[in-house]
Structures are given as structure tokens and as C-alpha cells.
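**Q** Please see the structure below; I have some questions.
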Amino acid sequence: MTTITIQNLYQIMFDQMGPQGWWPGESKFEIAIGAVLVQNTNWKNVEYSLDNLRRTTQLQPEKIHALTIEEIQTLIRPSGFFKNKSRCITALFEWLAQAHFDWKILSLQSTAKLRAQLLKLPGIGPETADSILLYCLDKPVFIADSYTRRIFNHLGSAQFSNYAELKTIAEQELNLTLSEFQEFHGLLDDFGKTNLKNWSSSFLAPYQLVLPKY
DNA sequence: GGCCAGGACACCA
DNA sequence: TGGTGTCATGGC
């Protein structure tokens, strides 16, 4: 059994799996919508909804913003929870419209301020907020989603039942660039999809994670 | 035909 | 604060 830090974990995964080029999406608007639609749903279903949206709006923010909530519901139905998610997308694009759909101007604000604004929107919780921060607003944050927590629980000394606890520790421990944070999330999720069912035969099985005491 | 998937939220004790 | 039910669809 080899003990490693979180920083080691990133390097081991990157060396083993290579760059992920994570988060499918041609534009930041597509990524943001995907982050909402994928909540508790598989990506295949999200693609059906994105295809519907692409067909009617070409994923142009002004056109999406102009849709009624009922129209959005019809288009995103394949990815489930369409009433909740349509409300969320409507609120998100209302928020984006206030910034004239300009991600660059939004990113001038601090991570904490942007995160607080996102969390106020209906249907956006910690994971979705962090996904948008990381992939749309270019903020280096750690996404402690369920795959990630399960991987850390396998590796480790501690059990992370809640999102904030792991996020806080990881962000204090890690010294990564923005694109490395983006890669790390991709590595963790891609690993989680295929290897969590058979942990003992995965390449991470020999490692034990050492966490700082707080 | 049941189970699950890259959550969020209201409600309860 | 932590546990539980609900929201919905499509693939396996």
C-alpha cells in the first residue's frame, strides 16, 4: 500500500489516463445547460435534449432566453425532471442576460461572489454551480460530486458524506492551474464511470490517500 | 421490469 | 445537521 496526497493523485491519474478534454460542448452556453440537464441523469439523455435545443435555437443565448418555460420543457423532456430543470434554465439565462451573455465580464467578479449568485438560482446547487464556475467562468474550483466522493472514500482514511467537506480540503491541498482543475474533474468522473464497480482491480487500488488534519 | 444515471430541494425530527 | 421522499426520462 502506497500513501499519496491529493496532489499525487492528480498526477497518477493524469499519467495513467492522459488528458480528458473534459466536458463536451461547443460553447459555454452548451456546457452550462449540460451542467443543469445532467443532474441525476445520464449524458445520453442530455444529448437528446441538447440536440432538440440546437435544432430550434442553434444554442444561441438570445434565442434560448426568448423561449417560454413551456417550450423549454418540451425540448428538454428526454433528460428528465423537466419541470425543475426548465425553471433552472430560465433563471440561469435571465441571469446571463443581465450580463449581456458575456462570460468574460462575469468572470471579472470573484469566485465567491459568482458562486453565491449561482446558488441563489433555482435548481443550481453546489455541484452545478462549481461545474459552471470551472468550465464556463474559468475559475479553478474542485467539484466534489458523487463519483469523486466515492473514489476518495475508497482511497481513504476519511468518509466524505457531504460535498463541502471534500471540496474545502481538496482546494486547500491542491496547487493546480485552471486547466489542471478541469482535467482533474474529467479524470475523476471518467474513472468513476468505469472503475467504481470493480475497485480492487483498478489502478488506484494500491494507493491510500493521506489527508491533512483540520 | 427493475435499477440506475455526472443533483436539488422541501420537509421532518 | 442529517436522513428521507420527490422530481422524470431512457438505456441496460
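The values are calculated or read from the model by the stated rules, or taken from the named source; none is laboratory data. Everything numeric here is computed off the predicted structure, so don't read it as measured data. Cβ: placed from backbone, ideal geometry, glycine included. Neighbour counts: every protein chain shown.
**Q** A:LYS83 is checked against (1) modelled with pLDDT of 95 or more; (2) closer than 22 Å to A:HIS185 by Cα; (3) within 13 Å of DNA strand C (Cβ to nearest atom) and fails just one. What number does that condition carry?
**A** (2)
**Q** Follow-up question, since we're still on this one. Which helices (runs of 4 or more DSSP H) does region A:99-141 wholly contain that include 2 or more residues that are more than 13 Å from DNA strand B (Cβ to nearest atom) and more than 18 Å from A:ASN84 (Cα to Cα)?
**A** Working: elements: A:103-106, A:111-120, A:126-135.
The helices (runs of 4 or more DSSP H) meeting that bar are A:103-106, A:111-120.
**Q** Now for a separate question. Got at least one residue in region A:98-116 being within 16 Å of DNA strand C (Cβ to nearest atom), surrounded by fewer than 20 Cβ atoms within 10 Å (Cβ to Cβ) and not acidic (Asp, Glu)? Working first, answer last.
**A** In the first step, residues of region A:98-116 are kept if they are within 16 Å of DNA strand C (Cβ to nearest atom); the result is none.
The answer is no, given that none of the residues of region A:98-116 is within 16 Å of DNA strand C (Cβ to nearest atom), surrounded by fewer than 20 Cβ atoms within 10 Å (Cβ to Cβ) and not acidic (Asp, Glu).
**Q** How many residues does region A:59-80 contain that are more than 12 Å from DNA strand C (Cβ to nearest atom), of a type in the set (S, T, N, Q) and over 15 Å from A:LYS28 (Cβ atoms)?
**A** Matching residues across region A:59-80 total 1.
**Q** Here is a follow-up. Any chance region A:68-81 includes a residue that's part of a helix (DSSP H, G or I) and touching a His at 6+ places or on another chain (Cβ under 9 Å)?
**A** Step one: filter region A:68-81 for residues part of a helix (DSSP H, G or I), giving A:69-79.
After this cut, where a residue has to be touching a His at 6+ places or on another chain (Cβ under 9 Å) as well, the list is none.
No, the conditions are met nowhere in region A:68-81.
**Q** Moving on. Taking only region A:121-176 into account, find how many residues are aliphatic (A, V, I, L, M), surrounded by fewer than 18 Cβ atoms within 10 Å (Cβ to Cβ) and within 16 Å of DNA strand C (Cβ to nearest atom).
**A** Matching residues across region A:121-176 total 2.
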